[in-house]
Amino acid sequence: MNWHWLFISFLVIVLVTETRHLLKLRSLRDMVVFYAVWGITMLALIGDMMEVPYLRPLDWISALMQPLNRLIS
């Protein structure tokens, strides 16, 4: 069995169990944060399965700073 499928099945189990728990809490903020982190984790896992190259941290910083530099100058 491929490790990716094991992680995906684990993430689906976590999604089901934690959704029930979060519905009992009735906290919209907690639900939004959980689904955002879960979604980013799932996207990263699928990207790794597809062997998509990752951006290095400095690439992320430069991508965020270029529009800001245009606004400032």
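Just so you know, all these numbers are worked out from the coordinates, no wet-lab data involved. Since the model is a prediction, treat every value here as computed from it, not as a measurement. Note that we place each Cβ from the backbone using ideal geometry, even for glycine, and neighbour counts take in every protein chain shown.
Descriptive notes on the structure:
- Residue-by-residue Karplus 3J(HN,Hα) for segment 60-70, coefficients 6.51, -1.76, 1.60, Hz, glycine and proline x: 5, 5, 5, 5, 7, 7, 4, x, 5, 5, 5
- Cα gyration tensor shape for segment 3-72, rounded if a/c is under 1.5, else prolate or oblate: oblate
- With θ taken as phi - 60° and the Karplus curve 6.51 cos²θ - 1.76 cosθ + 1.60 applied, the whole-hertz 3J(HN,Hα) list for segment 37-46 is 5, 5, x, 5, 5, 5, 5, 5, 5, 5 Hz, x standing for glycine and proline.
- Each of 72, 40 has some number of other Cβ atoms within 10 Å of its Cβ, and from fewest to most they run 72, 40.
- For the chain, the Cβ-based charge dipole about the Cα centre amounts to some 360 debye (Lys, Arg positive; Asp, Glu negative; other atoms uncharged).
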